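Enquirer: My questions all concern the structure below.
The values are calculated or read from the model by the stated rules, or taken from the named source; none is laboratory data. Computed from a prediction, not measured in an experiment: that's the story for all the values here. Glycine also receives a Cβ, built like all others from the backbone with ideal geometry; neighbour counts cover every protein chain displayed. Quick note on the areas: whole protein, heavy atoms, side chains included, nothing else; ligands and nucleic acids left out. Shrake-Rupley method; radii C 1.70, N 1.55, O 1.52, S 1.80 Å.
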Amino acid sequence: FQTKDNKENVYSYDIGICVNADPQKKFGENVGVVLKDKDHRHWIIGYYNNSQLIEGTDWLILEYLDGEPYRTHCAQESRKAKIMIKCDRNVKPGVSYLA
């Protein structure tokens, strides 16, 4: 999947659910989320082989961990992504929606 930020489309996110977010694997193995900016820079946000799943009655949160560390803020902690998947019984199989 790919989605963009909802402000100025400066950033885009490539997301892989149980597959590499970058099929060509130029960013490595097991990459779950890659953040790209309009200047073609990229950051690995998290890996699908280091993930957690939280479930509710009609939703899931998939968390990818151990991304590249922040360089100048957030105490240089590793980046991570939380992806919420809402289950909708009215959507037919094969149809997806990214907000």
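Enquirer: Pull out the extension gain between K4 and L60, defined as 0.36 nm times the separation in residues minus the alpha carbon to alpha carbon distance; nm, one decimal. List each step's numbers first, then the result.
Expert: Working: separation 56, 0.36 × 56 = 20.16 nm, distance 2.07 nm.
Taking K4 through L60 to full extension adds about 18.1 nm, to one decimal.
Enquirer: Same structure, new question: Rounded if a/c is under 1.5, else prolate if a/b beats b/c, else oblate: with a ≥ b ≥ c from the C-alpha gyration tensor eigenvalues square-rooted, which is the chain?
Expert: Numbers: a/c = 1.67, a/b = 1.46, b/c = 1.15.
Judged from the Cα gyration tensor, the chain comes out prolate (a/c at least 1.5, a/b above b/c).
Enquirer: Right, here's the next one. Quick one: ranking E77, E55, E63, E68 by accessible area, 1.4 Å probe, largest first, what do you get?
Expert: Details: E77 95, E55 145, E63 20, E68 50 Å².
Most to least solvent-accessible, the answer reads E55, E77, E68, E63.
Enquirer: Further, regarding this structure: At R0 = 25 Å, how high is the FRET efficiency between A75 and N50 if r is their beta carbon distance? Nearest 0.05 is fine.
Expert: Values: r = 20 Å, r/R0 = 0.79.
Efficiency at R0 = 25 Å is approximately 0.80.
Enquirer: Which residues make up the longest stretch of the chain that has no trypsin sites (Lys or Arg not before Pro) in a DSSP loop with at most 14 other Cβ atoms within 10 Å? Intermediate results must be reported in sequence, preceding the final value.
Expert: On the way: sites that count: K7, K25, K26, K38, R41, R71, R89.
Between exposed loop sites, the widest span is 42-70.
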